[in-house]
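Some notes on the structure that comes next.
Every number here is computed from the coordinates shown, using simple stated rules; none is lab data. Being a predicted model, the structure only gives us computed values, none of them experimental. All Cβ positions, glycine included, derive from the backbone under ideal geometry; neighbour counts span all protein chains shown.
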Amino acid sequence: MKRTLLLATVATVVAGSAIAQDNVVNVYNWSDYIAEDTIEKFEAATGIKVVYDVFDSNEVLEAKMLTGSSGYDVVVPTSDFLQRQIAAGAYQPLDKSKLPNLANMDADLMAGAAVYDADNEYATIYMWGTTGIGYNVGAIAERLGEDYEVNSWDLVFNPEIVSKLADCGVTMLDAPTEILPAAMNYLGLDPRSTNKADFEAGAALLESVRPHVRYFHSSQYINDLANGDVCVSVGWSGDVFQALYRAEESENGVEIGYVIPDEGALQWFDMLAIPVDAPHSDNAHTFINFIMDAQITADITNYVWYANGNAASMPMVDPEITSDPGIFPTEAASAKLWSSKVYDARTDRVVTRLWTKVKTGQ
């Protein structure tokens, strides 16, 4: 009798453990890219536990997605990487019947994202932004003059100018598919070109300023800008605004600016997607739908200072954010934005080889 009871108890515990393990959603998102209370609110509203991991480059995410069996339920690839990963069979189509909050999304922005994902079949917009220049206002004025206007890629791609800033710290994203096209655009070349000679020209420009670049990293610059440890960072719009916010909060006297250069910049979309082998697909849909709630999206934008694609959230987004042209570009600036190009394997090899040479200086 005791043995039977013990076996029944063990079976109940095991079953309960299995249920508990199923009541989870494994999320893989960019670092510093969600409001402080989003996960807590989701868990309270749904009873689903969130296991939340972070990355800081599309290349890291792509390696996991193309290898398969990542264990993640929701991931956040940038639109061009998403397109390539869809072609590789990495994602499952969204079950839109489980996503009523899709009705909140901005139709024009979703149409823009559909360039990478026809009919938005596999993903929806999380946040979007631009890749431009963050800078320390005081440090730039001190080295280039009070009347120097930061409005051009000259600040980082003109050796004569960037050399004057090396002492206060210049950084760039470790993102070859963003930095090389920006250099190409500065040279008057098509930033969406896949011509080997154009990539080589962009790499040569980067090599000419490489001695003045302190490091290439895709997250470290946020705190370094905020603390005044670096003075110029080619970075993502929202990250720079996070640095601005942190500097203001600490009252350390560091004033941060962000500019979309006059020559143009990359516009990108970060997308919520579900891996094809996600272990908790239903919970993944519940999480994505929760994120698309107007108030939740507004809370995230108000915290991370990134533009979102949720039209219903706009009345709840801080006017300081919606009115800032660095976050929501002007019509003139928008006209000069470009989208990413999806590279084939041969182009990838060219870009990787050139980028390694730029970073190492060899």
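List of remarks:
- Remark: relative contact order (the chain) = 27 percent; criterion is Cα-Cα distance under 8 angstrom and separation of 6 or more residues.
- Contour excess over end-to-end distance, with Cα ends at T360 and A118 and 0.36 nm allotted per residue: 83.3 nm
- Note on L187 and K336: their simple-model spin labels are 2.0 nm apart, each label 7 Å out from Cα toward Cβ.
- Pairs beyond 25 Å (Cα-Cα), from K64/K336; K96/K336; K49/K96: K64/K336; K96/K336
- Centre separation in Å (Cα based) which lies between segment 188-218 and segment 126-152: 20 Å
- Total formal charge among the other residues, if their Cβ is under 11 angstrom from that of L266, Lys/Arg +1 and Asp/Glu -1: +1
- Near F287: Cβ cut-off under 12 Å, other residues only, Lys/Arg at +1 and Asp/Glu at -1. The net charge is -1.
- With a cut-off of 11 Å between beta carbons, the residues surrounding K164 carry a summed charge of -2, where Lys and Arg count +1 and Asp and Glu -1.
- Normalised by the number of residues in segment 117-215, the average gap of Cα pairs under 8 Å and 6 or more apart makes the relative contact order 27 percent.
- Residues whose placed amide H lies under 5 Å from that of K49, excluding near-sequence neighbours: V24, V25
- With each label modelled as a point 7 angstrom along the Cα→C-beta vector, the E248-L66 pair spans 4.1 nm.
- Over segment 212-330, the ratio between the Cα radius of gyration and 2.2 N^0.38 Å evaluates to 1.22.
- Sorted largest first, extent of the chain alpha carbons per principal axis (Å): 86, 48, 41
- Point-to-point label distance, E200-E149, nm (Cα→Cβ direction, 7 Å offset): 3.8 nm
- Normalised radius of gyration (Cα atoms, divided by 2.2 N^0.38 Å) for segment 104-243: 1.17.
- Qualifying lysines (Cα of each under 22 Å from Cα of K164; at least 8 residues distant if same chain): K359
- By average C-beta atoms within 10 angstrom, highest first, the peptides 252-262, 142-152: 252-262, 142-152
- Euclidean distance between Cα centres, segment 278-341 to segment 28-58, Å: 16 Å
- Rounded tilt (10° steps) of 176-186 against the dominant C-alpha axis of the chain: 30 degrees
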